[in-house]
Amino acid sequence: MQMPPFSKEVISSRTVSLAAVAFGFALAIAAVGYFLFSVGSTEVDGKDVTIHLGPFPISLRVIVFGLFLLSFVVIWFLLYSQYSSEADDLYSRVRKKLIGNWKVVYEVEPGQQVAGGFERLGEIVCRISLNPAQKLEINYDVSNNPLFPEGTQTIRAIGLTHDAGSKYWLTYYFKRNQTVSQRLSDVLLDNDGHRLTELEVEIFANLEFEDTLTKNPIMKFGGQWFDLNGNMIRLFALTGEFSKDDSQQKKYRLADAHIDRDNFAALMGNITFERIADAEPAA
């Protein structure tokens, strides 16, 4: 899956177009100002009108240049504000279509197929909602998870961009010192040889979906997810050891993990969000 072009975010074609329009209007206003300030006298001979331009001192040049600069800034700001308002309206509609409960299925490369209570590593439930600022939030429900204690992981660093046509990109970033489960703490050691109680988790996901101009909610989307600091990769790779009968007799460090692929990379694999029914309200 191809990542969205970075250049499109940095130098947006729409932004350049707005700046070009503002430049054109400002140049026209400065030209009119130049003409009005430099008119010296006029002669009328029948239907012929002759305009004589007078001297144009430095002070007037400064005024015309200031008029151009001020006009450019004001016009560009007004155009950009209008465009941003329209974009917010567009994204607001898309955000509302993402609200709901989702089942998230993800690959845990290079994790192995293991037993002993680690079978559910590749699946989790989350809810996508809007915060008071009307921005997206993803709340992962961490329950019955062998790696981390029960709780909620909230992701707020979420980006939503429109690519082309009906295609959109959703990206999110999450970094946190996460408390590990008692089961992991019993077998994991930190770099100093003490029991590991917390693990720094740093992940990034790049997802794509399509939306049509209908009221139907988005039902499924997906992409790829990345383990940026390598801790999750090592932890998943060690789960094969944790599931062995003698695992309680041995202690491990994350550095002991065997990464079962040629190159150590942040890419963990595919991730898919599939909409599920909202929970029934309590009677």
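Here the residues S71, S81, S143, ranked from fewest to most Cβ neighbours within 10 Å of their Cβ, fall in the order S81, S143, S71.
For every other residue with a beta carbon closer than 12 angstrom to the beta carbon of K167, add +1 if it is Lys or Arg and -1 if Asp or Glu, then tell me the sum. Intermediate results must be reported in sequence, preceding the final value.
On the way: positive: none; negative: D163, E208, E210, D211.
Net charge around K167: -4.
Descending by average beta-carbon neighbour count within 10 Å, the peptides 191-198, 61-68 line up as 61-68, 191-198, the highest first. The ranking of S185, S17 by Cβ neighbour count inside 10 Å, starting from the fewest, reads S17, S185.
No lab work stands behind these numbers, since they all come straight from the coordinates. As the structure is a prediction and not an experimental result, all values here were calculated from the model. In this analysis, Cβ positions are derived from the backbone assuming ideal geometry, glycine residues included, and neighbour counts consider all displayed protein chains.
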